[in-house]
Each structure stands twice: as structure tokens, then as C-alpha cells.
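Notes follow once the structure below has been shown.
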Amino acid sequence: MDLDDILALAETREPSPLELARARRVARTVQSEYDLSLAEGYEIIVDTDPVDPLTADIDEPTRIARAAQLVKRGTITWTTGSGKTAGLLSWSDEMAMIFGYAPGTLRLTPERLVELVHPADASAVRAAVETAWGQRRPGEVTFRAVHPGGSVRYVHCHLEILTTAGEPSGIIATGHDVTAVELARQERRRLATRSEMLCTDAAAQDLVTGLPTRGYFTDEVDRARRTTDGALIVVATEPATRLSHAITDQGHEQVTAEVAGLLRTIVGSDLTCGLVGPGLWGVLVAAHQEGTETTGALARRIVDTFRRHLFTVQQRTLRLNAWAGVVRFTSGVPATGFDLLVDGEHAAREARRKGVAVHVLDRPAQARERTNRCRSRVVHAVATDRFALYAQPIVDLALNQITRHEILLRVRGNTGELVAPWAFLDMAERVGEILAVDKWVIDHALELIGQGAQTSHYQVNISGKSLADPGLLTYVSEAIRRHRVKPECLTFEITETALIENRNEALAFATGIREIGCHLALDDFGTGYAALAYLKYLPVDLVKIDGVFIVDLCQSPPDQAVVSKLVELCHTLGIRVAAECVQDEQTVTLLKEYGVDFAQGYRTGRPAPIAASLKHEVNTIELELRFPERRIAMG
Amino acid sequence: MAPEDLPPAPQQDLADAWEAQETLRGWLQQLPPRHAEVFQMSREGFSNLEIARILGLADTSVRGYKTAARRQLRQLAEQAGYTDSDSRRRPGGAHGSR
């Protein structure tokens, strides 16, 4: 069946009984009126002729213009006739008003008409007119008209060919102001684009586990403590058997994802749970959600299930040891979400220290006590070198080879395994002890770099908070001199998870560090506090686009828009661009297309330890001594 | 093969005249108003000249609008899956249902 069949079928439609009845009724009414008129003596002279006598003998343009005028449309007529009317261009009063002129005030010429059309649309109008004339076929065009005052209106015109005695003799445009319609159409299109481009908040979910991230969970706890009573459970997990080094990062991620799945099964979908640190899991229980099972019992159940469960990784089985800390809070406690989280972590550590499954705090700790505890943890970690440095290769996409390394911090956990530092750094930043950590990193990183061949370029992280310290620049330049590092091989990345605390001091550091010869980079650009204004006044050499924009790049038009435009912006400002979290080959191709300078991620290379100092091995031995104790805890 | 890559399912033939008219009305609404008006009037039996007089169009335009309308309707019909002609199919007889 095609269009012709459908048209034919539609033709065959018989009037419905209803329509027939209606027609009969009309016919009867007419007949009765006629009869009545006859009976009253009216004489019916002749049938009425519906033809408008005015349209009978006027020329085509006038007829069209008159019809247009009746529906408030304007006309422009352009005739090519010979003699007096040759090349005559004229517009109706209505059209003059559409263009913003009082009727009769402007004599129209082709040149003047072009001037009245918005410059960007002039060529489209010309093309439409030429096509209509060339093909002898009606056309239409929408363009912007510029009023004498400068305001712009949208006008839609139908273009038609006039004929005189069968020969084309001119062109007539019938048009009206469609500004409102056009704006509504543009708005509809914008809204459609917007809803297509709008993404869910990817930063709220951890990539590996799908659980809320530390930041999101902290906010949730904070929201809960303002409105309701409740409790926070923090569960700490660690491998009960010593993990061999053969287990790769993917293996670790697999276990983490498995633990997350298990946790979600235990607590159900009503409670908020989140990944609050490497091997640290948070569960938020509001008072109304507590039900029959107390929070303590829930914590014990989580710990028991974790300890009983047999995890598999790379064809090997693995058991986890777990401890839980519980902090109860009442609504409106002064402690923030972050404070409660820190207390929960402390309670979990207490449980581990005492060798019990669950340790319950009935109320949040005192603020001073908490801060001191956090501070001393950081200070202790720095003093006892509970860190290690890893290096992750960065590929120069133009040369297609590794030319740089980012120095990354790893924190030693209780068993001596190295874990990602973000939870630790978050705590250190919040209690204002990040400077000590940064100094440790700078000192040790430069020492290691100085010992090496210095063939690569090294990128070292500094927290935005540390920049407020006036002594930092001296410390850095002194360390560079002491370890004999070539300053041109160094880039300092300002991590933007915390606000740059003191703008002036940061600017002084940035300027100073570049005078030494080092480069400056902005890390995690686009998600932290980094404002675009920084690009203007901080002497930045490199911007690292946050992984949130990169992980899904190939599938996500919004990410593509952000990355491609950001690259353009940075290059215009003379800044190079790096992409973090590059995970596959297609992304690399796309990044090259956008002109991104560097790529970093698991695709290009995972972080690897650059060195292990003697002290670390001592730590490892100390931890191995603890093994029997933990086996007992497991039962 | 993803579901959206599969060829469209063959369209069921319209059952009666009323359905055909409804379908047409839906398509005509998607046409520019002028095209739809001209097409509809020509189907109702008005001559080109009459249409030009009533709608206030140039005499030559009516033909152009009619062609354009028909072309767009055909496109819409093909989008909806009405592609193969009955009249072309019937003489062969091989595909007809017995």
C-alpha cells in the first residue's frame, strides 16, 4: 500500500448515517424556507453568484496583495515587465510596517531592501529568491529584518512567481512577522538539547563500586544530623591473609566491587551506604529507619557477613577481616557530617585495637579531642614515613610516547598495604595539616628524582591549602637545590579539592616557582573550586581535565563539548591540556582529535612504585608480627 | 544487531476508508499550512484557478504547492512504512494472499 492507494481508499468513503441525516436536515430546512418565502409572496429572481466582483478584472499582483492585506500580511512586488513598470520594486503598507517603517516613507530599491535584511540572512534571502525565479516554483524563506531603531524581527515570506499572459513577469513575496513563533521554536529546540545533554551527577558515584563517594556520603550524613536522630556505622575491612604482590590493581578493584555489592545486599536499599575511604565503608541509619534491628546489631551483622564471606580474586580465595565503629547522634548536634565520619572511623579503629567486632560511641567526640586526634594521626604518619611514592606515566599525545610521570602518594594501611590517599588527604586538608604531608611529598619526591637520571618530566601535587604558607616557596627551592633536581623537569600540580586559601600567597608561590624554572599545573580542573579566573591570573602552564569528563567521553556529547571547548580555551590562553582517567583506545583517538596534549590513565599506564626506602620494609616486618592476633580475631 | 538497526516491520494495510482519511489528516497537519490547504482543496474538486482566487495565490503557484504537498506526503507515507504499491503488486499475483 502506498500513498496513491491511501488517497484512493480515502476517496471511497461513504458518508456516515450521521452525516447523511445532517445533510437531510439542512436540505429540509432550505426547502421549507423556500416554500415559506414562496407562500409569503417573495419572488426568487436568480441564484446568487459567489464570485467577488472586485477580483474579477484586476491584475495578479493587486489581487494577491489585496488577499494578503485581508489577513494582515504584507507584500513586496518586483516586476520585470517592460516599459514603465520595468524593474519596479514596491511594498504594501503592511510590509513597510513589518520592516518598521511608516507606510509611504521609504521608496524601495533592491539595494535598500538588502540593507533592511540582517547581514547574516541576506545571502539566504538572495538564494531563495534566485531559486524561486530560476525554477519558476514557489518558495519560502525566513529571515531577520532590522528595524530603523536597530531592533530585529523575524519575518517569514512566501515567494511566488507572477505571470502575465503565461510568461513569468515578476516575483511577489507575502510575509508576516513570526518573531514570537520563531522564538518559541528556538526555545523548544534549546530545551530539547538541554534535556538531551543533561547528565546525572557522575561525581556522586564511585566508578568502581557504584556506591556514593566520600564527598556525597559526608553531605548525606550532614543532612541527616540536621534533621533527625540516627547513627553512623563505619566498617573497616582489610585482607585477613597477606595479599601477594601478584594481585593487580584490577584484582583489588574486583574485591572492592564485590564488598560493595555484599554491603548493599546486607543493608538493603533504604539505607544510604558509601565508600568513605579505601577499605572503609559507611552506612547511615536515621532513627526512623532503625526498625526492629538496632544499629549495633546491624553493624555486627555486617561484620559477621564480611568475615564469613569467601571472596575470589584471580582464581584465588580471599577472606576479609572487618571491624565496625558506630557513632550515635541526636538531631542538631554541632558536629558536622565530616566530624561524624571521622568519629566513626575512630570507633572502627578502636574496635580493631581492642579486638572486638563493634565499638559503639554513644555521642560524637568533643571537637577539640577529634581535631587533636586527627592532627596527631597525620603528624604521626608523616613522622613515621607511612607513605610511599608511586609514579604514573603520562603520554605526550603529539609524540605518542611517555615523556612525563606524575608522582602519586600512597598511604600505608594497618597491614602495611598501600592504599589510595584520598580519604587521608581529605582529613589532612580539613584539619589543616596538609602542609606537613605536602612537604613530605616534595622532599621525598625530589630526593628520588635527584637520584635518578632525570630524563622524564615529573609532576608533583601540592594542595591548594598549602599555598597559603609563605614558607613553602623557600622550602621547595631549597629542596630543589639540595637534591640537585633540574627545575625545568618539574611541574607542580595544584590540587583543587580544597579552595586556594590565600589568593595573594598562591599567586606569589606560582610566580616564584616559575621564576625558578618549574612549571605549574591545575589538577582536577572543572570539578573542584578552580575558577576560570585562575587561568587568567595564575601563571599556569598545564590544565589537567578532571576524569569525570573523560571516563565516558566517547559516549557522552556533553563531555565532548566540555573537553573540546576547554582545549580550545586553554590553547588560546597558551596553556597545555592533559586528560586524566583515560581508559581506552577510542578515548585516546578522540583526545588526539581535540588536540589534547597529554593523556594519563590506566590505558597509558598504571601507577607503579618508584622506590621503597628501608624504613618501609621495617614497617612490613612489624605488621607481619601481628598476623597471629588477627587470625584469632577471625575465630 | 541493535533493535534500532533492524528494518522497519512491514506496515499493516489500512482497513477502511475512514482510517485512510484519519491517516491523511495526520500527515496533512505536518505539512506547511499552504501546501496542505491547496492539496485539500484540489482533492475537494476546486480548479487551480479557483484555489488561487480563494487563497490569494499566484496562478502558477498552485501547481507548485500541489507537487510539493504530494512529494512530502509520499515521504511521510514511506516513513510510516507504506512503500509498496498495490497496483504494481497485483498483476504479478505471486505475493497475493490466496
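Please report, in debye to the nearest 20, how large the charge dipole of the stretch A:337-449 is about its Cα centre when each Lys and Arg carries +1 at its beta carbon and each Asp and Glu carries -1 there. Please report the intermediate quantities before stating the final value.
Values: 16 positive and 16 negative charges, 98 e Å.
Dipole size: approximately 480 debye.
Residues of the stretch A:256-279 with an amide N closer than 13 Å to a point placed 7 Å from the Cα of A:TYR602 along the Cα-to-Cβ direction: A:256-258. Of all DSSP beta bridges confined to the stretch A:202-365, the antiparallel ones make up roughly 85%. The alpha carbons of the stretch A:453-546 occupy a box of 35, 27, 20 Å along the principal axes, longest dimension given first. Volume per residue of the convex hull around the Cα atoms, evaluated for the stretch A:58-183, comes out as 111 Å³.
Express the Stokes-Einstein translational diffusion coefficient of the stretch A:343-408 in µm² s⁻¹, to the nearest whole number, given a Kirkwood radius over alpha-carbon pairs, 37 °C and a viscosity of 0.692 mPa s. Diffusion coefficient, whole number: 212 µm²/s.
Here the scattering of the stretch A:391-513 is modelled by Debye summation over its C-alpha atoms, one equal scatterer each and no solvent; at q = 0.14 Å⁻¹ the log10 of I(q)/I(0) is -0.64.
Against the empirical 2.2 N^0.38 Å (N residues), the stretch B:30-81 has a Cα radius of gyration ratio of 1.14. In plain terms, the C-alpha convex hull of the stretch A:202-365 casts an average shadow of 9.2 nm² when viewed from every direction.
Hey, got a sec? Which trypsin sites (Lys or Arg not before Pro) in the stretch A:236-339 land in a DSSP loop and have at most 15 other Cβ atoms within 10 Å?
On the way: sites: A:ARG242, A:ARG264, A:ARG300, A:ARG301, A:ARG307, A:ARG308, A:ARG316, A:ARG319, A:ARG328; in loops: A:ARG242.
Answer by residue number: A:ARG242.
I'd like to know which of A:HIS380, A:LEU569, A:GLY605 lies farthest towards the positive end of the charge dipole of the protein assembly as shown, counting +1 on Cβ of Lys and Arg and -1 on Cβ of Asp and Glu. Positive-end residue among those listed: A:HIS380. The coefficient of translational diffusion for the stretch A:533-614, derived via Stokes-Einstein from the alpha carbon Kirkwood radius under 37 °C and 0.692 mPa s, stands at 243 µm²/s.
If you only keep lysine pairs separated by 8 or more in sequence, or across chains, how many in the protein assembly as shown come under 18 Å at the Cα atoms?
Details: A:LYS439/A:LYS465; A:LYS536/A:LYS544; A:LYS536/A:LYS565; A:LYS544/A:LYS565; A:LYS544/A:LYS592; A:LYS565/A:LYS592.
Lysine pairs meeting both conditions in the protein assembly as shown amount to 6.
If I take all pairs of Cα atoms in the stretch A:376-445, what percentage of them are more than 18 Å from each other? Pairs farther apart than 18 Å: 43 percent. Listing A:CYS374, A:CYS157, A:CYS199, A:CYS570 from fewest to most neighbouring C-beta atoms within 10 Å gives A:CYS199, A:CYS374, A:CYS570, A:CYS157. Take chain A and mark each of the chymotrypsin sites (Phe, Trp or Tyr not before Pro) that is in a DSSP loop with at most 16 other Cβ atoms within 10 Å; the longest unmarked stretch, sites excluded, is A:43-528.
Scan the stretch A:449-555 for trypsin sites (Lys or Arg not before Pro) in coil per DSSP, keeping those whose Cβ has at most 12 other Cβ atoms within 10 Å, and list them by number.
Details: sites: A:LYS465, A:ARG481, A:ARG482, A:ARG484, A:ARG503, A:ARG514, A:LYS536, A:LYS544; in loops: A:LYS465, A:ARG484.
Sites meeting the loop and neighbour criteria: A:ARG484.
Here the relative contact order of the stretch A:64-144, from alpha carbon pairs under 8 Å that lie six or more residues apart, stands at 18 percent.
Show that you can apply the helix-only estimate: for the protein assembly as shown, add -39,500 (n - 2.57) for every DSSP H stretch of four or more residues, divide by all residues, and state [θ] at 222 nm to the nearest 500.
Numbers: 26 runs with 334 residues, N = 733.
When only DSSP H runs of four or more count, the value is -14500 deg cm²/dmol.
Using Cβ point charges alone (K and R +1, D and E -1), the dipole size of the stretch A:92-235 about the Cα centre works out to roughly 80 debye. Under a model in which nothing but the beta-carbon of Lys, Arg (+1) and Asp, Glu (-1) is charged, the protein assembly as shown shows a dipole of about 2300 debye around its Cα centre.
Eigenvalues of the Cα gyration tensor times 5, then square-rooted: what semi-axes does that give for the protein assembly as shown, in whole angstrom, largest first? Show your work: numbers first, answer last.
On the way: eigenvalues 1176, 259, 127 Å².
Working from the Cα gyration tensor, I get semi-axes of 77, 36, 25 Å.
All Cα-Cα separations within the stretch A:382-617 were binned at 10 Å from zero, giving a P(r) of 8, 33, 38, 19, 2, each value a whole percent of the pairs. By DSSP, the beta bridges lying fully in the protein assembly as shown are antiparallel in about 75 percent of cases. Taking every residue in B:76-83 and counting other chain Cβ atoms within 10 Å of its Cβ, the average works out to 3.
Coordinate-derived values only; no laboratory data. Just so it is clear, the model here is predicted, and its values are computed rather than measured. Because the Cβ atoms are built from the backbone with ideal geometry, glycine has one as well, and the counts that use them run over all protein chains shown.
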